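Working notes for the structure below.
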Amino acid sequence: MESVTFIGEHLFWGNLGHTAVVVSFISSILAFISYFFAEKNPLDQSWSKLAKYAFQLHSLAVLTIIGALFKIIYSHYFEYHYAWQHSSRDLPVHFMISCFWEGQEGSFLLWIFWQMVIGQILLRSAKSWLNPVMAVLMLSQIALTSMLLGVKIISYKLGSSPFELLRNVMSNAPIFQQADYLSKVKDGNGLNPLLQNYWMVIHPPTLFFGFATTVVPFAYAIAALWRRDYSEWLKPALPWALISSMVLGAGIIMGGFWAYESLSFGGYWAWDPVENASLVPWLILIAGIHVMIIHKSTGNSYIVAVILIITTFLLVLYATFLTRSGILGNSSVHSFTDLGMSGQLLVFLLFFVVMAVALIVWRWKEMPRSAKDEEIYTREFWMFIGSLVLVISSFQITLTTSIPVFNKMFSANMAPPADVISHYNKWQMPMAIIIGVLTAVAHLLKYKKNGPEGLKRMGIYAAISLVLTIALYFGFELKNFIYAGLLFAGVFGIVANFMLLLPFLRGKIKLAGASVAHVGFGLLLIGVLVSSANKEVISINDSGKPINPEASSKENVENIYLERNTPHKMGDYIITYVKDSQHWVNTYYQVNYQKLDADGNVDYTFNLYPNGQINPKMGLVANPDTKHYFSHDVFTYVSSVPSNKGEAKFINEKRHEVGVGDTIFTNNGYAILKGVNSNTEAEKIDVNNFQVLLGAELKVYTLSKEYDAMPMYGVQNNAATSYEALVDEAKLKFRFIGVNPQNQKVTILSYEQDMSGDFVIMKAIVFPWINLVWAGTIIMIVGFFLSIIKRMGDLK
Amino acid sequence: MNRTSIIGLVIIALAIGAIVSMYGDASTYENFEVAKENPGKEYHIVGVLNREKEKYYDPQKDANYFTFYLIDEKGIESKVVYHNPEPADFDRSEKIVIVGSMEGEQFEASKILLKCPSKYTDNQVKT
C-alpha cells in the first residue's frame, strides 16, 4: 500500500496515550521486581527506593493514559476507533464518562486506576508489610496493563489498545485510502442507549473499586505465606476486606437498582451469568471475613480463612474471564464482545491460581491449626457453619453459571436451565433460610463458652419471631410454606440483632457494626422474599377482545394493547395512554393510571412516562418508569410501539347541514356552530384574492376540554375552495364546503382521526415492599461502615 | 466419627447434589427433530430466521402473539409461537436462540435471545 498523508488527525494524543500504556506496563514490572528484591534483602534500602520511584512513575503513566483517552473522547477525535465506537457528538458530558468504560479497554483502565489508587494508600499505610503486599499488587497491575498494550508479539496480539486508529482497525475500507477521510467521518457510533443512564455513571466505578480492593486481602494472605508470618497480617487485612465487601456489595446492588430502574427485565435480579459472576466473589469474601474474625477471636480455622480470602480474588479473575472472553455467548443477555483476549485472560487467571495453590501447598504443614474439635454451643462454631453454607451457595451458583465453560472443556452441548430462576431458587432459598437463622443464633452465643442463659434468651427471641412471622405471613398474603421459613429467618435475624444492638444505641453504636449489618441483611431477605413472591404482572389482557385462535392456554400473555385515549381496565387500575412527546433522542409515552377503590370509584391518579429510544442500531430500547409508594412500586414499560406512525389519517367522514346554534355530533365529541363570519383574518391566505371568504366559528367540546375551530369556505375566480380546521387534541377535523342562503345553513364535514395506528404495547408489574430491599441494603452498608471504623481503630 | 468429618461429609454430599441438580435441570442445545420427538420437553434451539416466509404480529388483534419460521442449524424449519410482543430489532438478528418446547406442529418459545451483529460494534463507517 502506498503511503498517504492523512489530513486533520490528532496523532499527538494517541501517541501520548500509547506511550503512557507502555511506560505503565514496564514501570509495573520494574516496581514488582524492586519490591520483590526489597522483601528479599530487607537491609538494602536501595531496592525499596527504586520500587517507590517505579511505582510513582507507574501512577503518573496511568493518569496520563486516562487523560489522553478522555481528551480523545471529549474532543470527538473520531480518527480513534475507541472514540468513534463508543461516543458521538450529541452526548452530554456525564455520559462521555460512561463512554469511557463502555469498552473493555476502558473498564480495564478503570480497574488499573483503582489499583493504582489503592497502591498509593498502601504506600502510606502498609508499614512493615509494604514490600511483599505491593509486590503482589504490582503483579496484578502487570497483568492488567498488558491488556491495554495492543502490541503484536510474533503473531499473537497482546492486549487491545484504546488508542488504535480507526483507519488501522478497518484498514481494508476504501475510505481510508483518501487523505481527507476524516472530513467524511461525521459522527461516532454513539453510546449504547442502555448505558445512557446516570446509574451507569456511578455503578461501574463502584463495582470496579470493589473488584480492585479484593487484591489487598489477597496480597496480605500471600505475603503472610511468603514471609511465614502467620498472625500479624490479619489485623491490617481485615479493614480492607470489610471495605471491599462494602463497596462490592454496594456496586452489585447498584447494578440491580440500575437494571430495575432502567431496563425492561422487570426486576433487580435475574440470575444472569454476569450478575452471578460478581455475586459469588462477594459471598466468598463475606465467608472469608467471618472466618478471619473467628480466627482472631479463638485462634481456630486459620487455613480456611486464608483459602477463602485467596479464593475471593481468584473468583474476581474468573468472573473477568467469564464476562470478557466471550465464552458466555448464548447464555447471557449482556453482550460482551470478544476482543480476542481470551487466551491472555486465561493465562492471567491460571497464573494466579497456580501461584496461590503452590504457596498454600508449600506452607501447608507450617500453618497454624487447632488441635481439638470446636464446641457446639459457641459463636465460632455456628459462624463457621454459616460461612460453609455461603461457600456451598457460591459453589452451586458458580457451577450452573459455568455451563458454557464445561461445554468448551468437554465439548458438550448443555444449555442453562430453561427455568433459571427456579433452578437457582430451589438451592438458594434453603441456604438463605439457614444463613438468616444463623445470623441470630451465632450472634446470641458467646465465643468459647456459653452458659444456659444464652440458650434461654435465644428461645425467647425465637418465640417472639415466630409470632411476628405468623402475623407477617398473613399480612403480606404469602402463600407458600417455604416462604414462611424464609420470613422467619429474616425476622429472627432482625429481632436477635436488634436486641443485641439496643445497649449500644446510646453513643457506642460504633461497636455494633455487625448487629447493624445483620439487621440490614434480615430486612433484605424479607424484601427480596415479598417483592418477588408477590410480584404481580397486572397488565394481563382482559379486554374481552377475541384472542387469536391459535393462542395456547399458556399464561405468558402479559402485555396489554393500549390505543391512544382509550381507557382500559387493568386490575385495580384504569389506564389510558394519553400522548407521546420527544425529549432528546427519547420518546416518552404518558400513561395515566387511575386507582380504583373497592367500590369502583377513583381513589387517586398518577402518570407514568415510560420511554423508548427508537435507536437506529438497536430498534426500540425501552426504559421503564416506576411510581414508588411506601408499600409497593408500580413498574411500567412499553414493550412495543407502532413502527411507522407517519401522517395522521382521518376517517369517518360525516356531512352536517347546520345553522347557527346547531350541534355537530362526532364520536370524539360534539361541536356547536356559534356563527359564520366574513371578516376573516386568516393568516396564511391572501384574503384579497377572494370574492367570498367565510369562516365557521365552531366550539368543540370533548369529555374534558373545549376548543375553538374555524374551517373556512371561499370562492376564488368562481371556484369554491375550502380550508380545513384541525383540532389536534380532540382528534377531529372539520371542513366547510358550502353555503345554502335559502335556509341559512352551511355544510360542514367532520372527520375523526384514525387512531388504530397510535398505540403502545405495555407491560406493568406491581412490586410489593420492594423498598425493604433498598432499605435493608443501605442498613447493611452502614453496618459495614461502622465495622470498618472500629477495625481501623484497632490498628492504632 | 468426629464432628469435622461429619461436616466434611455433609459438604461433599451437598456439592454432589449441586452437580446432579445442574445436570438434571440443564437444558440442551438441540434441533427441531429432537424437539419433535420429545414434545413438551424444553430445549434451546439455535437457528436463523426464515426471511422468505412471513412473520406475523398484529398487536391490534392480539398483542401477545407473534409467530415466525426458524431454520435450525441442521436446516430443519419449524413455526415458532411466542406469546409476547415481537422483540425489538428482531429483523436485524443474525442468530436466534429460542427456549421452549414443541407443542403439536409448532414450537412454543418462552424466551428468545437475539444475537445481533454485535450490536454497537459493527464496523461500518457511515459517510
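Suppose we filter the range A:137-174 for residues that are in contact with a strand residue (DSSP E or B) (Cβ under 9 Å, 6 or more places away or on another chain) and hydrophobic (A, V, I, L, M, F, W, C); how many remain? Residues flagged as in contact with a strand residue (DSSP E or B) (Cβ under 9 Å, 6 or more places away or on another chain) and hydrophobic (A, V, I, L, M, F, W, C) within the range A:137-174 amount to 7.
Against the conditions (1) within 19 Å of A:VAL766 (Cα to Cα); (2) surrounded by 19 or more Cβ atoms within 10 Å (Cβ to Cβ); (3) of a type in the set (Ser, Thr, Tyr), A:THR469 satisfies every one except (1). Is there a residue in the range A:754-765 that is away from every other protein chain (no Cβ under 14 Å) and not hydrophobic (A, V, I, L, M, F, W, C)? No; the residues of the range A:754-765 include none that is away from every other protein chain (no Cβ under 14 Å) and not hydrophobic (A, V, I, L, M, F, W, C). Would you call A:GLU39 touching an Asp or Glu at 6+ places or on another chain (Cβ under 9 Å) and assigned by TED's automatic domain parsing to the domain that holds A:GLY190? No; evaluated as a whole, the condition is false for this residue.
Within the range A:1-37, count every residue that is under 30 Å from A:LEU50 (Cβ atoms) and in contact with a helix residue (DSSP H, G or I) (Cβ under 7 Å, 6 or more places away or on another chain).
17
Screening the range A:417-525 for helices (runs of 4 or more DSSP H) wholly inside it with 2 or more residues that are under 22 Å from A:MET292 (Cα atoms) and either aromatic (Phe, Trp, Tyr) or modelled with pLDDT of 90 or more (or both) returns the ranges A:420-444, A:481-501. Taking each residue of the range A:136-153 that is not assigned by TED's automatic domain parsing to the domain that holds A:LEU110 and looking for partners that are outside any helix (DSSP H, G or I) with beta-carbon atoms closer than 8 Å, six or more apart or interchain, yields nothing. Pairs are defined by a Cβ separation below 6 Å, a sequence spacing of at least 6 or placement on different chains, a first member in the range A:652-663 that is touching a residue at least 24 places away in the same chain (Cβ under 8 Å), and a second member that is not in a strand (DSSP E or B); the pairs so defined are A:GLY659/A:GLN744. For the range B:37-57, the criterion of being touching a residue at least 40 places away in the same chain (Cβ under 8 Å), within 28 Å of A:LEU390 (Cβ to Cβ) and within 7 Å of chain A (Cβ to nearest Cβ) is satisfied by no residue at all.
Conditions (1) buried (at least 18 other Cβ atoms within 10 Å of the Cβ); (2) at the interface with chain B (Cβ under 10 Å from one of its Cβ atoms); (3) closer than 28 Å to A:LYS456 by Cβ; (4) not hydrophobic (A, V, I, L, M, F, W, C), marked per residue:
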residue	(1), (2), (3), (4)
A:LYS365	no, no, no, yes
A:PHE384	yes, yes, yes, no
A:SER393	yes, yes, no, yes
A:VAL405	no, no, no, no
A:MET409	no, no, no, no
A:ILE433	yes, no, yes, no
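Can you confirm whether the range B:60-78 contains a residue that is charged (D, E, K, R), within 12 Å of chain A (Cβ to nearest Cβ) and in contact (Cβ under 8 Å) with a residue 12 or more places away in the chain? Taking every residue of the range B:60-78 in turn, at least one turns out to be charged (D, E, K, R), within 12 Å of chain A (Cβ to nearest Cβ) and in contact (Cβ under 8 Å) with a residue 12 or more places away in the chain.
Select the strands (runs of 3 or more DSSP E) contained entirely in the range A:636-693, then report the ones holding at least 3 residues which are in contact with a helix residue (DSSP H, G or I) (Cβ under 7 Å, 6 or more places away or on another chain), modelled with pLDDT of 75 or more and not assigned by TED's automatic domain parsing to the domain that holds A:ALA725. Of the strands (runs of 3 or more DSSP E) lying wholly inside the range A:636-693, none has at least 3 residues that are in contact with a helix residue (DSSP H, G or I) (Cβ under 7 Å, 6 or more places away or on another chain), modelled with pLDDT of 75 or more and not assigned by TED's automatic domain parsing to the domain that holds A:ALA725. Filter the range A:723-740 down to the residues that are of a type outside the set (Val, Ile, Thr) and crowded, with 17+ Cβ neighbours inside 10 Å and list them by number. Answer for the range A:723-740, where residues must be of a type outside the set (Val, Ile, Thr) and crowded, with 17+ Cβ neighbours inside 10 Å: A:TYR723, A:ALA725, A:ALA730, A:LYS731, A:LEU732, A:LYS733, A:PHE734, A:ARG735, A:PHE736.
Residues in the range A:741-774 that are more than 30 Å from A:TYR577 (Cβ to Cβ) and surrounded by fewer than 16 Cβ atoms within 10 Å (Cβ to Cβ): A:PRO741, A:GLN742, A:ASN743, A:GLN744. Exactly one residue out of B:THR28, B:THR4 is within 10 Å of chain A (Cβ to nearest Cβ), part of a strand (DSSP E or B) and modelled with pLDDT under 90, and it is B:THR28. Look at the range A:530-549: where a residue is more than 13 Å from B:ALA63 (Cβ to Cβ) and more than 9 Å from chain B (Cβ to nearest Cβ), no partner that is at pLDDT below 55 and not in a helix (DSSP H, G or I) sits 6+ places away or on another chain with Cβ atoms under 9 Å. Only one of the listed residues (A:GLY454, A:GLY386, A:GLY436) is assigned by TED's automatic domain parsing to the domain that holds A:MET499 and in contact (Cβ under 8 Å) with a residue 60 or more places away in the chain. That residue is A:GLY454.
The values are calculated or read from the model by the stated rules, or taken from the named source; none is laboratory data. Just so it is clear, the model here is predicted, and its values are computed rather than measured. We place every Cβ from the backbone using ideal geometry, glycine too, and count neighbours over all the protein chains shown.
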